[in-house]
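The values are calculated or read from the model by the stated rules, or taken from the named source; none is laboratory data. Since the structure is predicted, the reported quantities are computational estimates derived from the model, not experimental observations. Note: ideal-geometry Cβ built from the backbone for every residue, glycine included; neighbour counts use all protein chains shown.
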């Protein structure tokens, strides 16, 4: 604290203290709201106000998750879906960013391919399911392809829009100073698109989970999507709700990792 007081004024330290207090309050309210919702859910099912066979309940979901853990399949299904999602997320992000750069670099290429990209974005990816099964089989490869397809076009359009939206005055200034296209790209376009890149990552987190679960709905022998489909087919709604709950936790964790990355990048750029 003594070192901080030498660096920051008392007013700034007070501001930081209030900010931390407000953040702590927000988290307490968030967790409290979640606990309240689960408590009400458990209460209305235990009192028989709603049929727990249809809606399940927190206690039944915990028992189902415990059963999956005991028979050794819980982490197998989680690992399968998590691997497919993370791999699809990484591939779609890297490919999307690279293709967006290529489209920004070549206006001719952009003019030729942009209509096709827009059409592919509007196309329901699930319609390609039968083709993906025929081309890539019925294993994880087909699910990975579906995951990439769902996130790829979103990443391309998101980053291309950010690259094109680069400040025209700054572009003109660099060109007037004789900067090459590579220098313009590395010194202006890429740094100025950092907020859009973080936003694209946040969007692609959801797209990756949608793609992997959609793929597991179509063709899978393991994974959380498989558990949801299987549970619905045999009317084990506790299994459906349990797998959905695990999906929510994993998706939230992945999203918060992106938020953490955003804070690190912002901190580095400020330095």
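Annotations for the structure displayed:
- Breaking point among (1) more than 15 Å from the chain's Cα centre (by Cα); (2) closer than 26 Å to residue 141 by Cβ; (3) crowded, with 17+ Cβ neighbours inside 10 Å, for residue 221: (3)
- For residue 208, the stated conditions do not hold, so it cannot be described as part of a loop (DSSP other than H, G, I, E, B), closer than 30 Å to residue 69 by Cα, touching a residue at least 60 places away in the same chain (Cβ under 8 Å) and touching a helix residue (DSSP H, G or I) at 6+ places or on another chain (Cβ under 7 Å).
- Hits in the stretch 65-113 - residues which are without any contact (Cβ under 8 Å) to a residue 40 or more places away in the chain and either more than 30 Å from residue 245 (Cα to Cα) or outside the structural domain of residue 168 (by TED's automatic domain parsing) (or both): 98, 102, 106, 107, 108, 109, 111, 112, 113
- Selection of the stretch 37-48 for residues being within 17 Å of residue 237 (Cβ to Cβ) and part of a loop (DSSP other than H, G, I, E, B) yields only 48.
- Whether a residue is more than 27 Å from the chain's Cα centre (by Cα) and at pLDDT below 90 was assessed, and residue 73 does not pass this test.
- Taking helices (runs of 4 or more DSSP H) as the structural unit, those lying wholly within the stretch 76-185 and holding at least 1 residues that are surrounded by fewer than 16 Cβ atoms within 10 Å (Cβ to Cβ) and at pLDDT 85 or above correspond to 107-122, 140-164, 168-176, 181-184.
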